[in-house]
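Working notes for the structure below.
No value in this document is a laboratory result; all are computed from the given coordinates. The model shown is predicted, which means the values in this text are computed figures rather than measured ones. Methodologically, a virtual Cβ is constructed for each residue, glycine included, from the backbone with ideal geometry; neighbour enumeration extends over all protein chains shown.
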2 protein chains.
Amino acid sequence: MKIGVLGTGMVGHAIASKLVALGHHVMMGSRTVDNVNAATWLGTAGARGAVGTFADAAAFGELLFNCTQGASSLAALRAAGAVNLDGKIVVDVANVLSPENTGSESLGEQLQKAFPRARVVKTLNTVNCEVMVNPSQLPDSHTLFISGNDGAAKAKVRELLEAFGWTDMLDLGDIATARATEGYLPLWSSLWWRLGTLAFNIKVVR
Amino acid sequence: MKIGVLGTGMVGHAIASKLVALGHHVMMGSRTVDNVNAATWLGTAGARGAVGTFADAAAFGELLFNCTQGASSLAALRAAGAVNLDGKIVVDVANVLSPENTGSESLGEQLQKAFPRARVVKTLNTVNCEVMVNPSQLPDSHTLFISGNDGAAKAKVRELLEAFGWTDMLDLGDIATARATEGYLPLWSSLWWRLGTLAFNIKVVR
């Protein structure tokens, strides 16, 4: 399918490259059309890759990934344009890197509220980007969380995640449950510091 | 050893009963000496159990467990009296059940700051009380987090936790890392809601 990836950082690169490898056509979107990171990615992406503005990528994609930094995600989606999000699945993988924000409204909820006609699905935000696209690198199964208001959208995203290699996925409920996974960021950060590697995740043992 | 358990709720009962079963002498402390929950527990505790005020239990114990509700833990420890905490390990298992509190200073840090001569160790606060004292009930290994400034205190607590049945324990660092585990509470709550059971925990797969 045609997928727009908003954001040109490590997360955007990892997601976009994985999607291209899986056979999808991907446009990476950024604030300005001459973004250097996007051009670098394009050089590795082959014939199924393209780059453009946030609005270009959002218009191109039948499904979108928000891989921008959490603090600027609302601005990025506004630049993408509500009309280009209308009815589309927006997979929000971003975190707001300020622990003061946890507990109040999550970024996932904010995006859904700002773009009520988009179908926001929060997922992948609890793991590093290398784990996102290659979950089987870890020595045991581990859990990925999914939040969103639209069941059909979550089912579609789950299909994509299965193609990424995810096997243990836990639908937490509506988009308000994004608070739970965004609030995990301080523990994730402590684990990163303690373990000295980004190659980890948690498994819900039940 | 002689251990004081502050708090008479489900957590206090579970911890105190486990400690008695392991051969320790336990005094359960509460705000008032005639606490009904404490009396009920005493009826099940046998010869190694006793009850008293917070101050009685803190004076009695060589090591203390804070099993009070997080919102009243500071008041409970003040009632216990700084002199009765002096130099002692205080195992803080409490959470503040208000997500607004995550991200700022954790309860563990607050207790350590209020009682600088106590040796606060934050642990067990990421699982339900039945899992705290019987971790092997789950079908796979799973992880317990430990935070605290005093290495010797953490080693002592680790011994106790091993006796509880814990095998995978992860020392996150100083007491400031209690923010990470206290901040996990919203995800824990979502998992409880989603799984319909309190018998779960997370395993750090690395």
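A few comments on the model shown:
- Only helical runs count toward this figure. For the protein assembly as shown, summing -39,500 (n - 2.57) over DSSP H runs of n ≥ 4 and dividing by all residues gives -11000 deg cm²/dmol at 222 nm.
- Here the protein assembly as shown is treated with +1 on each Lys and Arg Cβ and -1 on each Asp and Glu Cβ, and its dipole about the Cα centre works out to around 80 debye.
- Rounded to the nearest Hz, the phi-derived 3J(HN,Hα) couplings of segment A:124-133 under the Karplus curve 6.51 cos²θ - 1.76 cosθ + 1.60 (θ = phi - 60°) are 6, 7, 9, 9, 5, 5, 5, 6, 3, 9, where x marks glycine and proline.
- With both labels modelled 7 Å from their Cα along Cα-to-Cβ, the residue B:162 to residue B:138 distance reads 2.1 nm.
- Pseudo-label separations to other copies for residue A:32 - Cα-to-Cβ vector, 7 Å, nm: 7.0
- You can think of it this way: the chain between residue A:62 and residue A:152 has 31.0 nm of extra reach, that is 0.36 nm per residue less the Cα-Cα gap.
- Relative contact order [Cα under 8 Å, 6+ residues apart], segment A:63-148, whole percent: 29 percent
- Largest-first principal axis extents of the Cα set of segment B:103-184 (Å): 38, 27, 18
- Three-way shape call for segment A:151-192 based on the alpha-carbon gyration tensor, with the a/c threshold at 1.5: oblate
- Value of Rg to Rh for the protein assembly as shown, rounded to two decimals, is 1.06; Kirkwood radius and Rg both from alpha-carbon coordinates.
- Residue of A:189, A:147, A:136 that the Gaussian network model of chain A assigns the largest fluctuation, springs spanning Cα pairs under 10 Å: A:189
- Entries in A:156/A:203; B:113/B:154; B:18/B:156; A:113/A:154; A:18/A:156; A:18/A:203 that, when Cα-Cα distance is taken, lie over 21 Å: A:156/A:203; A:18/A:203
- Relative contact order for chain A: 18 percent, from Cα pairs under 8 Å spaced at least 6 residues apart, divided by residue count.
- Cut-off under 5 Å, modelled amide H: who pairs with residue B:51 long-range: B:28
- Mean Cβ neighbour count within 10 Å, used as a protection proxy, ranking A:70-78, B:3-11, B:119-127 highest first: B:119-127, B:3-11, A:70-78
- Amide H contacts of residue B:201 (H built 1.01 Å from N, under 5 Å, at least 5 apart or other chain): A:205
- Here's how it looks for residue A:89: its modeled amide H is under 5 Å from those of A:64, A:119, which are all 5 or more places away or on a different chain.
- R0 of 30 Å, Cβ-Cβ distance residue A:113-residue B:104: FRET efficiency to nearest 0.05: 0.75
- Modelled FRET efficiency - R0 51 Å, residue A:40 with residue B:189, Cβ distances, 0.05 increments: 0.75
- Computed extension gain for residue B:72 through residue B:197, at 0.36 nm per residue and net of the alpha carbon distance, reaches 42.4 nm.
- Pairs of Cα atoms nearer than 8 Å and 6+ residues apart set the relative contact order; for segment A:10-69 it is 37 percent.
- Measuring spread by the Cα atoms of chain B yields a radius of gyration and Dmax of 15.7, 48 Å.
- Distance from segment B:1-65 to segment A:107-123 (C-alpha centre basis), Å: 48 Å
- Kyte-Doolittle mean at least -0.5 and Cα axial length at least 18 Å: DSSP H helices in chain B: B:151-164
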